[in-house]
Amino acid sequence: MGAAAAVELSARAERLGYTDVFSSEVGSADAFSPLAALAVRTSDVRLGTALVPVFTRPPALLAMTAASLQAISHGRFVLGIGTSTRLIVERWMGLQFSGPVERVGEYVEALRRIFAGDKVSMDGRAVRVRGFRRQADPIPDIPIHVGALGPRMCRLAGAVADGVQFALMTPEGVIGALAEVHAGMREAGRDPANFDVVLRVPIAVDEPREVVRELARRMLTGYAIVPTYAATLGRQGYGSAAEAAIEAWNAGNRQRAVSLLPDEIVDAFFVHGNASDCRARLAAYRDAGVRTLVLMHLSVGSTPEERGERIAGQLEALAPSRATDSK
């Protein structure tokens, strides 16, 4: 599905009662263009990024982009930032990936000062800005979310951000990661009352179960071979399966790598089944402490058009107008 179709579906989601639309940025559309289109097509949904890498844009440029989206959307924008991966930053983008936790911390500090209208000069270990001030009127505060998986980044998110964004977590994984976030908040003397907890959840409603599992198995293998995600799988008790898949992948046996991830691990991380089954799984995430569920709809349709139609049906099936526990 292309960016234009995603914008149409997202505008439809607002009419169905969904409250948030988040965009990602990997190797297809950038994170901001679809949100700019949605900002003028919608009136109520919150618009956010999940996530924008801190290595691919200097903070001054990202601050200008975020401020523009905040103005266009009349205060509905939330900026989610993260580190991405070494492969994307160094191989795809040709930039240096180093000191991710330190860079995110300094990056948030720079953004806060730019958003406040300060003339910013920073000479940090990871971020450098000299004499920048945004040449525009002040804007409403822009919430900053930090994408986190490991303990250090979770603690940093709790200490400096307005919210944390998780991915590839079970409800039990969320509970463990939130313990680190809350530790960071306590150390910084912060109140958790207005702190957002966002989780991106891959979901397939009323799709063929075994076909969905195979699609999910391939996607999960793509995560497992990345060290950061392999570590988070290990923290949640799936380290042995991830290690076996990595070994087969590195040996050049890609099909075997995929086959080594059993249904148990697929079902732990991918929500699928009928609408009732999916609502129950999403409720478990809310019980674990997630405040905002971002549903990443999957379909096994054979064409982009068919996939778009089936995902539209999934939106209808889980619409908040039918049940109040989905976003």
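The values are calculated or read from the model by the stated rules, or taken from the named source; none is laboratory data. In this text, all values refer to a predicted model and were calculated from it rather than measured experimentally. Reconstructed Cβ throughout: ideal geometry from the backbone, glycine too, with neighbour counts over all protein chains shown. We work out accessible area using only protein heavy atoms, side chains counted, and drop any ligands, DNA or RNA first. Shrake-Rupley method; radii C 1.70, N 1.55, O 1.52, S 1.80 Å.
The table below gives the values:
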item: ³J(HN,Hα) computed for each position of the range 182-194 - Karplus, 6.51 cos²θ - 1.76 cosθ + 1.60, integer Hz, glycine/proline x; result: 5, 5, x, 5, 4, 4, 8, x, 9, 8, x, 4, 9
item: Net lengthening on full extension, E264/D118 (0.36 nm per residue, minus Cα-Cα); result: 47.4 nm
item: Whole-percent carbon and sulfur share, accessible surface of the range 253-327, 1.4 Å; result: 47 percent
item: Mean Cβ count within 10 Å, highest first, over the residues of peptides 73-84, 243-254, 6-17; result: 73-84, 6-17, 243-254
item: Whole-Hz couplings from phi, Karplus 6.51/-1.76/1.60, listed for the range 291-307; x for Gly and Pro; result: 9, 10, 9, 9, 8, 9, 6, 10, 9, 9, x, 7, 10, x, 5, 5, 4
item: Label selected from (i) 19.6, 57; (ii) 19.7, 63; (iii) 21.4, 87, the criterion being Rg and Dmax of the Cα atoms in Å as computed here; result: (i)
item: Length released on extending from A11 to D44, taking residue separation times 0.36 nm less the Cα-Cα span; result: 10.9 nm
item: Environment charge of E247, counting only residues whose C-beta is closer than 13 Å and scoring Lys/Arg +1, Asp/Glu -1; result: +1
item: Amide H within-cut-off set for H297, under 5 Å, with H built and near neighbours excluded; result: I203
item: Accessible surface of the range 82-220 [probe 1.4 Å, protein heavy atoms]: carbon and sulfur percent; result: 49 percent
item: Magnitude of the charge dipole, the chain, Cβ model with Lys/Arg +1 and Asp/Glu -1, debye to 20; result: 780 debye
item: Gyration tensor (alpha-carbon) shape descriptor, the range 216-312, a/c threshold 1.5; result: oblate
item: Full-extension gain in nm, D141 to R128, via 0.36 nm per residue minus C-alpha separation; result: 2.4 nm
item: Scattering curve values for the range 1-115, log₁₀ I(q)/I(0), Debye with Cα scatterers, q = 0.12, 0.16, 0.19, 0.24 Å⁻¹; result: -0.45, -0.76, -1.00, -1.33
item: Phi-based couplings in Hz for the range 123-128 (Karplus 6.51, -1.76, 1.60; Gly and Pro marked x); result: 10, x, 6, 10, 10, 10
item: The range 147-296: C-alpha gyration tensor shape, a/c 1.5 cut-off, then a/b vs b/c; result: oblate
item: Within the chain, helix-based [θ] at 222 nm, where runs of 4 or more DSSP H residues each add -39,500 (n - 2.57), nearest 500; result: -15000 deg cm²/dmol
item: Net charge over other residues, Cβ less than 12 angstrom from the Cβ of T42 (K, R count +1; D, E count -1); result: +1
item: Amide hydrogen neighbours beyond the local backbone of G273, cut-off 5 Å, H modeled; result: A204, D206, E207
item: Förster radius 45 Å - calculated FRET efficiency between E306 and R91 (Cβ-Cβ, nearest 0.05); result: 0.85
item: Accessible area per residue, Å², the chain with all protein chains present, probe 1.4 Å; result: 46 Å²
item: Distance (nanometres) between label positions extended 7 Å along Cα→Cβ at E243 and S98; result: 3.1 nm
item: Fraction of beta bridges assigned by DSSP in the chain that are antiparallel (%, nearest 5); result: 10 percent
item: Dipole-positive endmost among G289, A216, G189 within the range 180-327 (Cβ charges, Cα centre); result: G189
item: Distant-in-sequence amide H partners of F77 (H built 1.01 Å from N, under 5 Å); result: L47
